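Single-structure report; data block below.
The values are calculated or read from the model by the stated rules, or taken from the named source; none is laboratory data. Just so you know, these numbers come straight off a predicted model, no measurement behind them. Positions of Cβ are backbone-derived with ideal geometry, glycine not excepted, and every protein chain shown enters the neighbour counts. Just the protein is used for accessible areas: all its heavy atoms, side chains included, with ligands, DNA and RNA removed. Shrake-Rupley method; radii C 1.70, N 1.55, O 1.52, S 1.80 Å.
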Amino acid sequence: MVSVFIALGITVSSVLPSQAISVFDLLRQGVQIFQLSNISDRQEVQLGTQIDQQLKREVRIYRNQDITSYVEQIGRRLARASDRPNLPYTFQVVDDKGVNAFATAGGFVYVNTGLLRMADNEAELASVMAHEIGHITGKHLVEQMRESALAQGVSQAAGLDRNAAVQIGVDLALRRPNSRKDELEADQVGLRNLRRAGYAESGMVSFMKKLLRSGSTPTFLSTHPATRDRIAALERAIDPQRANVGIGLNSNAYKSQIRALS
């Protein structure tokens, strides 16, 4: 117990050096400090849940049960085949015409209705979701949060308090593109996830090419690295003879599933 109080006292003195707040006051208030450099799965899910609550003040969740269930079904299939299958993933549809998708810490994935409309088949939709799961399995947002907090001077070695962590997480999810390294990694991890889940790998390339032709540059297809480079890297990773092997290429079946969006 003494060691816990000493550790918490060090954290408080690091994060709040100018405020005379006792350890016991902080314990009563339930202040949470996230150690982003070695955050546990449980803490990451907790952080993701709090980011999700804040995000819902800035985006509108699409409430059609048929569409939501369909996206969740795809997501669960991908999650089981992912590198972190034990996370309690949450898949949600955002009521937004923009062609976009994003993810936050702890297994939260969001897909815009605009992206659902642009996809021609389930494999294309699943490829985007697999890419976002790739960011989650790589803990890319958590690392971005740590770097952003240090750059802003709001984090010390001891950690980051809950409110600051949540606000940084929301900002990164909605408004910041991922790094070149993270995007390329999420592409390759997502492609592997797509294959494991039984989907045709060609869906990832065909959807990227479609967006390239349309001139759309959503966050998940940020221009750093260039979309053409990412397509080329994916094509090198796919066996041409197996590109169309798998489920999800039936356009009519897909259009029937998203009929409620019409």
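At a Cα cut-off below 23 Å, give the lysines reachable from K97, other chains included and same-chain residues fewer than 8 away excluded.
Qualifying lysines at Cα under 23 Å: K56, K209, K210, K255.
How much length is gained if the chain between Q241 and S262 is pulled fully straight, taking 0.36 nm per residue apart and subtracting their Cα-Cα distance, in nm to one decimal?
Working: separation 21, 0.36 × 21 = 7.56 nm, distance 3.52 nm.
Between Q241 and S262, full extension yields an extra 4.0 nm.
Tell me whether segment 45-125 comes out rounded, prolate or oblate; compute the Cα gyration tensor, take square roots of the eigenvalues as a ≥ b ≥ c, and use a/c under 1.5 as the rounded threshold. Provide the component values of the computation, followed by the final result.
Details: a/c = 1.89, a/b = 1.11, b/c = 1.70.
Oblate, because a/c is 1.5 or more while a/b does not exceed b/c.
Considering only the other residues whose Cβ falls under 14 Å of the Cβ of I247, what net charge follows from Lys and Arg at +1 and Asp and Glu at -1? Can you show the working numbers first?
Details: positive: R77, R195, R196, R242; negative: E122, E124, E201.
Once all neighbours under 14 Å are counted, the net charge is +1.
Rank these by accessible area, largest first, 1.4 Å probe: K139, K255. Walk me through the numbers before you get to the answer.
Values: K139 65, K255 85 Å².
Solvent-accessible surface, decreasing: K255, K139.
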